[in-house]
Amino acid sequence: MHVILNSMTFLRALDIAFFVFHTGLILFILLGWIWRPLRRANLLVIVLTGLSWTALAPWYGFGYCPFTDWHWQVRIAMGDTDLPHSYMKFLLDNIFGTDFDPTLVSWVTILGLIAALCASVAVNVRDFVSKSREQAKKAEPPG
């Protein structure tokens, strides 16, 4: 019984860690472009997320996320068998205590990623152009 308790305690700790990490990652994807020092990392994470969703689709289906897969393995080991396909559905259902339409959640998730990508590209390009202009100005001879 002690081993089972320790296993369940470990699984619960993993569940919490995945919940915190994955939710934080989503917030970083959606909002990380706002803070200048994080903009390049934000763009990279958005691109990697998009690649996971699309490039791995032939093997795992569109929208595949390895973090969701690993989290669901932990939840299944804890006895949870009623898991949605999408982590966003899981998250929203738990936050709001309701059963959101999975298609609606998928579309909102896709649109959120696209909006974050557009914002991240825009601010990264703006930063690059601004930095290039500053460097060009510094390189000009005085006079």
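Taken over region 86-120, the criterion of being of a type in the set (S, T, N, Q) and surrounded by 12 or more Cβ atoms within 10 Å (Cβ to Cβ) is satisfied by Ser86, Ser106, Thr109, Ser120. Of the helices (runs of 4 or more DSSP H) lying entirely inside region 56-143, those containing at least 1 residues that are of a type outside the set (Phe, Trp, Tyr) and more than 30 Å from Ser7 (Cα to Cα) are 57-60, 102-139.
When region 1-53 is filtered for residues that are assigned to a helix (DSSP H, G or I), β-branched (Val, Ile, Thr), at pLDDT 95 or above and more than 12 Å from the chain's Cα centre (by Cα), only Ile16 remains.
Residues of region 107-134 that are of a type in the set (Lys, Arg) and modelled with pLDDT under 95: Lys131, Arg133.
Looking across region 57-96, the residues that are closer than 23 Å to Gly112 by Cβ and of a type in the set (S, T, N, Q) come down to Thr68, Ser86, Asn94.
To keep it simple, each residue is scored yes or no on (1) within 24 Å of Val125 (Cβ to Cβ); (2) polar (S, T, N, Q); (3) loosely packed, with under 12 Cβ neighbours inside 10 Å; (4) in contact (Cβ under 8 Å) with a residue 40 or more places away in the chain.
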| site | (1), (2), (3), (4) |
| --- | --- |
| Ile29 | yes, no, no, yes |
| Pro37 | yes, no, yes, no |
| Arg40 | yes, no, no, yes |
| Val45 | yes, no, no, no |
| Thr49 | yes, yes, no, yes |
| Pro58 | no, no, yes, no |
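Checking region 82-94 against the condition returns a match, with at least one residue being farther than 27 Å from Pro37 by Cβ and over 19 Å from the mean Cα position of the chain (by Cα).
The values are calculated or read from the model by the stated rules, or taken from the named source; none is laboratory data. Predicted model only: the values in this text are computed from it and were never measured. FYI the Cβ positions are ideal-geometry reconstructions off the backbone, even for glycines, and counts take in every protein chain you see.
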